[in-house]
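Just below is one structure, and these are the notes that go with it.
The values are calculated or read from the model by the stated rules, or taken from the named source; none is laboratory data. Note that the coordinates shown come from a computational prediction; the quantities given were computed from them, not determined experimentally. When we count neighbours, we look across all protein chains shown, and the Cβ atoms used for this are built from the backbone with ideal geometry, even at glycine. With ligands, DNA and RNA removed, areas are computed over all heavy atoms of the protein, side chains included. Shrake-Rupley method; radii C 1.70, N 1.55, O 1.52, S 1.80 Å.
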Amino acid sequence: MSAAPASSRPTSIGVLTSGGDAPGMNAAVRAVVRSAAYHGVVTYAVHEGLRGLVYGGDLIRPMEPAETGGILHKGGTVIGTARCKEFRTREGRRAAARNMVDRGIDALVAIGGDGSLTGCDIFRREWPELLAELVEAGELAPEKAARHPALRLVGLVGSIDNDMAGTDMTIGADTALHRIVEAMDALRSTASSHQRTFVVEVMGRHCGYLALMASIATAANWVLLPEQPPADDWDVQMCRDVKAGREIGRRQSIVIVAEGACDREGNPITAESIRNLLEAELGEDARITILGHVQRGGAPSAFDRYLATLLGDAAVEQLLNETPDAEPQLIGLRENRVVTSPLMECVQRTRAVSEHIQARDFDGAMKLRSGSFHQSYQILQTIQQAAPRRTAAVGRRFRIGVIHGGGPAPGMNAAVRAAVRLGLDRGYSVLAIRRGFRGLRRGDIHEMNWMDVSGWVSEGGAEIGTNRFVPGVEDLPAIAEQIAAHRIDALLMAGGWTGYEAAHMLHAHRDTFRELDIPIVCLPMTINNDVPGTELSIGSDTALNSIVSDVDKIRQSAVATRRVFIVEVMGRDSGYLTLLSGLAAGAERIYLPEEGITLDTLTADVHAMEENFRAGRRLGLIIRGEGADPVYTTGFITSLFEKEGGELFDARQAILGHIQEGGDPSPFDRIHATSLTAHCIEYLADQLQSGRRASAMIGFQSGRLQFTDLTTYPVLVDRNAQRPIEQRWMQRRQLARIMGS
Ligand code: ADP
């Protein structure tokens with residue numbers, strides 16, 4: 001990016017939401033307004049999307065940061081969206097240009113789908129001509145036109161389909177997945193009571209993202225995607241698979257169909273046709289559920305709030321730093337990093353997928369999808385079978401032990417389920433070690449079968465048990481004996497801090513105890529996100545959603561009063577949950593264990609809060625990590641704010657406690673637990689088949705999957721503080737300050 005000289009920076013920017021609404025759009029608007037204000041720039045909200053630009057008047061008005069309070073948790077878009085025919089015409093766009101220049105706006109953040117972003121790009125390209133036409137018609141003073149020679153444009157993608165190139169996730173897709181998974185969990189219980197089959201249609205005309213991910217997250221039996229039509233005899237295969245499932249004891253069958261699904265000839269496959277097929281073949285009722293607009297609705301998920309906040313802030317940075325004639329950029333998230341890519345290239349790549357599908361070039365369409373899309377599709381095909389493939393039992397029947405360590409993390413059951421099925425499918429035996437490393441010492445070890453893990457993907461808690469026991473050197477002989485007795489060839493440890501400590505303990509003593517010299521892989525599963533070798537651990541997304549929905553309720557409870565809430569969240573000595581929930585729930589202040597709390601900060605924060613309430617604020621939200629400070633406890637801080645708030649506000653504390661570790665795992669946690677486990681099994685298989693015995697920690701680093709040698713564990717952690725030395729998420733600290741100000 002070429003930096004713009006300060007003098008040519010825009011002094012006001014416009015923000016609009018356009019096309020179909022998507023949950024998280026409000027968070028993006030809020031972030032744009034607050035980030036712009038932080039940089040001394042005024043934001044004009046353009047209401048009703050592109051129609052607002054064309055009609056102007058009261059539809060384009062300044063939005064103060066205070067006006068963006070209380071919108072983060074709302075679905076849809078509070079500034080409105082509309083389809084606008086007039087914007088497709090030059091006259092319409094000319095009117096839009098005049099409305100912008102009249103207000104001194106020549107920079108625009110457009111939040112919408114590919115249609116809206118295309119329209120805005122046309123507008124940007126025509127801008128100089130539109131202004132010249134306005135000058136010629138006497139509608140615009142030449143000197144005013146000269147002050148705005150170009151329109152700066154950045155695009156954010158708001159779309160529930162996750163159908164846009166240039167970003168791994170679009171704003172709204174995660175929430176849509178939440179809605180689908182909630183609905184399917186509910187369906188599963190009724191389907192199972194009546195031994196019924198459900199055909200569920202989800203959105204996605206050209207993109208099977210929602211259908212594919214929902215299938216992984218809910219253990220559907222079959223899925224039909226637009227970009228990967230099934231083989232010609234799919235109808236026979238599907239009925240055979242559903243029947244096989246019934247025969248081995250599945251009480252319910254679910255088929256998911258994306259609305260754009262078709263066969264290899266391009267003929268649509270509808271929910272109706274699937275139902276008829278199943279009824280005819282199985283001779284029992286099949287019911288159709290079309291989820292429709294429910295998928296768009298409801299409160300945005302924690303991830304969508306975070307993503308939209310991150311991207312909204314980055315959009316402002318982009319507008320303020322680029323030169324006026326720069327090519328417009330799309331801001332997205334790739335491999336967990338904010339990235340900018342040329343807007344129109346992204347639109348064209350997106351459209352290419354639909355063109356390939358229309359031309360029945362499905363391989364071409366699939367090639368344009370990401371690597372993780374392919375992998376997820378393959379994993380799903382193995383895991384949703386009714387039984388392991390018969391051809392799989394080749395080579396030695398290795399025995400893999402699965403164990404947890406640390407607190408329960410949502411997604412643990414999904415990981416065990418994936419390990420059992422993927423292991424059995426390779427012809428291995430999979431042994432569940434119950435009750436963590438204590439169970440390993442005692443020999444509480446059981447061989448698992450395919451159907452033992454049926455239904456586990458959606459369950460919270462840890463069916464095979466977990467605890468925080470870390471074996472000492474004195475426990476190692478008994479552990480070595482059990483590993484030998486059960487002929488365990490490799491270990492998958494899915495857990496948190498103490499699980500990592502325990503796994504490393506075994507690994508570090510492999511020279512003393514020959515039995516411990518086996519490949520071990522550690523899979524990060526902890527709500528605290530405090531283990532090394534990864535930027536993200538499974539379980540934390542569920543915990544964040546739990547915190548955010550509790551804070552939403554707390555907000556509602558405080559509507560009638562003038563109150564400051566001090567909410568304590570878990571995380572031990574890691575502030576990940578604090579920072580991320582602070583961003584996603586909209587906290588004014590956060591107190592992190594990494595920074596501690598001082599008397600000076602508290603004093604300054606009390607004064608700042610008083611000022612805000614004097615200026616009309618009705619609710620204050622502070623999030624404090626449980627390990628933030630041993631002296632300035634949540635109770636202490638609440639008393640301090642209560643006393644100092646006087647007539648202005650009262651203060652209450654809410655300690656969220658263990659509910660954060662429980663609940664149904666979020667779609668992300670189910671999907672990541674499944675896909676990371678698949679990679680872990682592959683790693684162990686690779687070691688076993690080649691006779692190597694390396695051990696590793698799997699994780700996402702720079703958004704990519706990496707294996708870090710377990711031997712390096714001690715140098716990657718601060719054992720006193722019980723957290724990794726490198727915590728990349730701390731880079732978002734400043735964003736939390738900007739959003740809270
Ligand atoms: P989405 O942004 O969700 O893809 P649409 O395709 O309906 O939604 O586009 C939303 C609006 O964007 C349209 O109503 C129209 O105003 C504008 N738009 C879309 N395509 C164009 C285009 N080619 N030229 C001008 N405006 C367009």
Does residue 373 satisfy the criteria of being more than 30 Å from residue 74 (Cα to Cα) and outside the structural domain of residue 587 (by the TED database)?
no
Can residue 77 be described as open to solvent by 10 Å² or more (accessible area, probe 1.4 Å), closer than 24 Å to residue 309 by Cβ, of a type outside the set (Gly, Ala, Ser) and touching a strand residue (DSSP E or B) at 6+ places or on another chain (Cβ under 9 Å)?
yes
Among the numbered conditions (1) at pLDDT below 95; (2) over 30 Å from residue 582 (Cα atoms), tell me where residue 398 comes up short.
(1)
Only one of (1) over 12 Å from residue 403 (Cβ atoms); (2) open to solvent by 40 Å² or more (accessible area, probe 1.4 Å) fails for residue 456. Which number is that?
(2)
Scan the stretch 661-681 for residues that are at pLDDT 95 or above, more than 14 Å from the chain's Cα centre (by Cα) and of a type in the set (D, E, K, R) and report the count.
0
Might you check whether a residue that is in a helix (DSSP H, G or I), within 16 Å of the ligand (Cβ to nearest atom), out of contact with any Lys or Arg (no Cβ under 8 Å at 6 or more places or on another chain) and closer than 30 Å to residue 351 by Cβ occurs anywhere in the stretch 77-88?
yes
From the set of residues in the stretch 586-633 that are part of a strand (DSSP E or B) and small (Gly, Ala, Ser), which is surrounded by the most Cβ atoms within 10 Å (Cβ to Cβ)?
625
Matching residues in the stretch 676-692 - criterion: being of a type outside the set (Lys, Arg) and open to solvent by 30 Å² or more (accessible area, probe 1.4 Å)
679, 682, 683, 686, 689, 690, 691
Which one is farthest from residue 739 (Cα to Cα) among residues in the stretch 17-58 that are of a type in the set (Gly, Ala, Ser), away from the ligand (no atom under 16 Å from the Cβ) and outside any helix (DSSP H, G or I)?
45
With the checklist (1) open to solvent by less than 30 Å² (accessible area, probe 1.4 Å); (2) over 27 Å from residue 628 (Cα atoms) in hand, flag the one item residue 546 doesn't pass.
(2)
The correct count of residues that are within 12 Å of the ligand (Cβ to nearest atom) and over 26 Å from residue 163 (Cβ atoms) in the stretch 97-127 is 1
Select from the stretch 150-175 the residues that are crowded, with 24+ Cβ neighbours inside 10 Å, within 22 Å of residue 295 (Cβ to Cβ), more than 14 Å from the ligand (Cβ to nearest atom) and of a type outside the set (Ser, Thr, Tyr) and list them in ascending order.
174
Across the stretch 483-498, which residue is surrounded by the fewest Cβ atoms within 10 Å (Cβ to Cβ) among those that are within 39 Å of the chain's Cα centre (by Cα) and in a helix (DSSP H, G or I)?
498
Residue 700 fails exactly one of the following numbered conditions: (1) surrounded by 21 or more Cβ atoms within 10 Å (Cβ to Cβ); (2) more than 30 Å from residue 563 (Cβ to Cβ); (3) out of contact with any Cys (no Cβ under 9 Å at 6 or more places or on another chain); (4) of a type in the set (Phe, Trp, Tyr). What is the number of that condition?
(1)
